[in-house]
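The values are calculated or read from the model by the stated rules, or taken from the named source; none is laboratory data. Small disclaimer: the values here were computed from a predicted structure and weren't measured. Because the Cβ atoms are built from the backbone with ideal geometry, glycine has one as well, and the counts that use them run over all protein chains shown. Ligands, DNA and RNA are excluded from the accessible area calculation, which covers all protein heavy atoms including side chains. Shrake-Rupley method; radii C 1.70, N 1.55, O 1.52, S 1.80 Å.
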Amino acid sequence: MSHTEDKGKLYLEVPSSCLPIVYSPVYNITFMGLEKLHPFDSGKWGKVIHFLKEEKLISDGSIVEAREATEEDLLVVHTKRYLNRLKWSLVVATITEIPPLLCLPNFLVQRRVLRPLRTQTGGTIMAGKLAVDRGWAINVGGGFHHCSSDKGGGFCAYADITLAIKFLFERVEGISRATIIDLDAHQGNGHERDFLDDRRVFIMDVYNRYIYPGDGYAKRAIKRKVELDWGTEDDEYLQKVELHSEGALNEVRPDIIVYNAGTDILDGDPLGGLAISPQGIIKRDEIVFRAARRRGIPILMVTSGGYQKKTARIIADSIINLRRQGLIGGNEDGEVAEECVGGVPLVMSSSDSSPSSVVC
């Protein structure tokens, strides 16, 4: 494939030998230590990949390389006015909740903060198409569920979930219904505002009722609303997740599931206020993927929030468990496959060399 020829395009022909896990080193935000002023671990995405390599789930570089969403891509959802506002460092500082950014020239903010977020957004859009093609896909980043078409917040500058769904609706034949299962500890008010009057999108949201953003207007878009109390633990949580995931998918059969798999539900998270164990998070992800597989519905997973250093390990362990449970494809034989998007090799078994063999 010609890398230059497809520059700027997010829907690419990806070799069937590629595992539909999307990532780029550009995801990770490091800039003079300023990223440490926000509780979010802005390097967790690279750590997830590191752990997956250690466990031999992937080889060095065995991923689909994410590409940065262009302004043209972003305008599928965002207003020109909103994108222009991001050219002001004060606005970005407010959205990312890192006040010192307001003192920096915007070209630096664009390069060191917004470019990583645009690349994660491109990754979510790419993973949406991969999920349809392969039955599942995971963007190791993304899940900016507090951003809507004309407003950012909560470290979310681009509406990647809305963009992924609208790209699919507009550009992929046969995709006309989507279900969002949002299991981040916070209400997903961004995609809720975007799809408030769109009957094609069914939203299930399970969140701590007492924390940010408390967006009553956006709640009107939620078709299955599960509001949790402080300190909710595994047994109650997993029972509700399974009950409502099954109920949501029985109520409306979508063509695609977008699963916002935030790890800020973890016990001790400074912002989530819930008390779910690492094992509970791994089981939660298994429940959602199993529900999708049972019905033959493609699923796109994004990783969203999580404000403890150990969340990267948990995300990696969850992906490894999905593989062990047979819910995602894998690489048993270690045979080198052809290059993936971005020019990186992938290790997969020859039995996984066709799209049909890796569909959930």
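A compact table of results
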read-out: Enumeration of residues in segment 150-166 that are open to solvent by 10 Å² or more (accessible area, probe 1.4 Å) and closer than 18 Å to Leu10 by Cβ; value: Lys166
read-out: Selection count where residues are acidic (Asp, Glu) and in contact with a Leu (Cβ under 8 Å, 6 or more places away or on another chain), scope segment 209-232; value: 0
read-out: Filter result (in contact with a Phe, Trp or Tyr (Cβ under 8 Å, 6 or more places away or on another chain), of a type in the set (A, V, I, L, M, F, W, C) and part of a loop (DSSP other than H, G, I, E, B)) within segment 220-235; value: Trp230
read-out: Residue count, segment 278-326 (criterion: open to solvent by 20 Å² or more (accessible area, probe 1.4 Å), in a loop (DSSP other than H, G, I, E, B), farther than 19 Å from Val132 by Cβ and modelled with pLDDT of 95 or more); value: 2
read-out: Some residue of segment 137-144 being over 23 Å from Arg111 (Cα atoms) and either open to solvent by 10 Å² or more (accessible area, probe 1.4 Å) or touching a residue at least 40 places away in the same chain (Cβ under 8 Å) (or both); value: yes
read-out: Of the criteria (1) in contact (Cβ under 8 Å) with a residue 60 or more places away in the chain; (2) in contact with a helix residue (DSSP H, G or I) (Cβ under 6 Å, 6 or more places away or on another chain), which one Asp184 fails; value: (2)
read-out: Residue selected from segment 60-114 under the condition aliphatic (A, V, I, L, M) and touching a strand residue (DSSP E or B) at 6+ places or on another chain (Cβ under 9 Å), by the criterion farthest from Ser42 (Cα to Cα); value: Val77
read-out: From Lys219, Lys225, residue being closer than 16 Å to Ile181 by Cα, surrounded by 15 or more Cβ atoms within 10 Å (Cβ to Cβ) and without any contact (Cβ under 8 Å) to a residue 24 or more places away in the chain; value: Lys225
read-out: Among the residues listed as Val76, Val91, Val109, the single one being aliphatic (A, V, I, L, M), touching an Asp or Glu at 6+ places or on another chain (Cβ under 8 Å) and over 22 Å from Thr303 (Cα atoms); value: Val76
read-out: Cβ-Cβ under 6 Å pairs, at least 6 apart or on other chains, segment 290-316 side more than 25 Å from Asn208 (Cβ to Cβ), far side open to solvent by 10 Å² or more (accessible area, probe 1.4 Å) and outside any helix (DSSP H, G or I); value: Arg293/Cys360
read-out: Residue match in segment 259-267 (condition: in a helix (DSSP H, G or I) and open to solvent by 50 Å² or more (accessible area, probe 1.4 Å)); value: no
read-out: Within segment 199-216, considering residues that are more than 20 Å from the chain's Cα centre (by Cα) and touching a residue at least 60 places away in the same chain (Cβ under 8 Å), the one most open to solvent (accessible area, probe 1.4 Å); value: Tyr210
read-out: Members of segment 69-100 that are touching a helix residue (DSSP H, G or I) at 6+ places or on another chain (Cβ under 8 Å), at pLDDT below 95 and either open to solvent by 70 Å² or more (accessible area, probe 1.4 Å) or within 22 Å of Pro25 (Cα to Cα) (or both); value: Thr96, Ile98, Pro99
read-out: Selected residue [over 25 Å from Leu163 (Cβ atoms), open to solvent by 20 Å² or more (accessible area, probe 1.4 Å) and modelled with pLDDT of 95 or more] from Leu274, Leu243; value: Leu243
read-out: Complete set of residues in segment 176-208 that are modelled with pLDDT of 95 or more and over 24 Å from Glu286 (Cα atoms); value: Ser176, Asn189, Gly190, Glu192, Arg193, Asp194, Phe195, Leu196, Asp198, Arg199, Arg200
